[in-house]
């Protein structure tokens, strides 16, 4: 009897998982995925790892928001398709950008120049000279790549609704959520210093802690266009890049005197107003765990919790 019951339960679990799999296939089938060679948007732009990725679900009620995601070091835009697809399914337009991400952020960790990290971010985001870690032309900067991609999508996918995020050819930042993983999290935060965005979602970062000076890079605490209440972070407790340094960086960006942290679990509802969320998920890939689809509940919380 016990064996039969076990097999029955196993069959029931298998059936439920199979049904969930079919459902996910159905949902993913609704998401429209566009792959755009960066050079198609501007001949001066070079492809780093592959195409830009743009997604939306034409059948989902629109949130009238664009989710811009910046991958981590050596990452390709296609590598973030799980989180991009989740946001598309929730009614967001989503873009994952191909950009110059081959110099790891922590390359500046032992610099004695407090501006090292700020210049690194400025160069990659805007193309301005000055960084000793990396050179990026204005044409190949994140801002130019993003603006040219939005213009391209508006022209080549006229029914996609991309024009909602452009005004006179420039991004409407108030309707844009900027997000990123690892290196990309710091770029997202830097963009939010330049423009007032809808909110900032940082995953496994930023890494802008000055080890030899024992403090966060000062650019993070400087006033910016986006209010600190619109910054959110999702970190991993055992991240090899040092979660304590990441928390200190987030506190500087969020203008916090005390850490606002909350341990979270996959699938569990998150109550209250929290800005630094931390997981202790059992995995060998702690740094990547913040992008595991098991944590869709955390992603949605960060994107929707009240910021006023």
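For region 270-308, how many residues are modelled with pLDDT under 95 and either in contact with a strand residue (DSSP E or B) (Cβ under 8 Å, 6 or more places away or on another chain) or farther than 25 Å from residue 64 by Cβ (or both)?
Result for region 270-308: 3.
Quick grid of which residues meet (1) crowded, with 21+ Cβ neighbours inside 10 Å; (2) in a helix (DSSP H, G or I):
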{"site": "130", "(1), (2)": "no, no"}
{"site": "134", "(1), (2)": "no, no"}
{"site": "152", "(1), (2)": "no, yes"}
{"site": "174", "(1), (2)": "no, yes"}
{"site": "180", "(1), (2)": "yes, no"}
{"site": "186", "(1), (2)": "yes, yes"}
{"site": "191", "(1), (2)": "yes, yes"}
{"site": "196", "(1), (2)": "no, no"}
{"site": "213", "(1), (2)": "no, no"}
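What are the residues in region 242-259 that are touching a helix residue (DSSP H, G or I) at 6+ places or on another chain (Cβ under 7 Å) and either over 17 Å from residue 219 (Cα atoms) or without any contact (Cβ under 8 Å) to a residue 12 or more places away in the chain (or both), if any?
Passing the criteria: only 259.
Checking residue 200 against (1) closer than 15 Å to residue 251 by Cβ; (2) in contact (Cβ under 8 Å) with a residue 60 or more places away in the chain; (3) touching a strand residue (DSSP E or B) at 6+ places or on another chain (Cβ under 8 Å), which single condition isn't satisfied?
Residue 200 satisfies all of (1) closer than 15 Å to residue 251 by Cβ; (2) in contact (Cβ under 8 Å) with a residue 60 or more places away in the chain; (3) touching a strand residue (DSSP E or B) at 6+ places or on another chain (Cβ under 8 Å) except (2).
With respect to residue 262, determine if the residue is touching a strand residue (DSSP E or B) at 6+ places or on another chain (Cβ under 6 Å) and either on the phi > 0 side of the Ramachandran plot or crowded, with 23+ Cβ neighbours inside 10 Å (or both).
In short, no.
Can you tell me which residues in region 102-128 are part of a loop (DSSP other than H, G, I, E, B) and surrounded by fewer than 20 Cβ atoms within 10 Å (Cβ to Cβ)?
Hits for region 102-128 are 102, 103, 104, 110, 111, 112, 113, 114, 115, 127, 128.
Among 75, 50, which is the only one that is at pLDDT 95 or above, outside any strand (DSSP E or B), out of contact with any strand residue (DSSP E or B) (no Cβ under 6 Å at 6 or more places or on another chain) and crowded, with 19+ Cβ neighbours inside 10 Å?
75
The values are calculated or read from the model by the stated rules, or taken from the named source; none is laboratory data. Keep in mind that what you see is a predicted model, and the values were worked out from it rather than measured. Cβ atoms come from the backbone with ideal geometry, glycine included; neighbour counts cover every protein chain shown.
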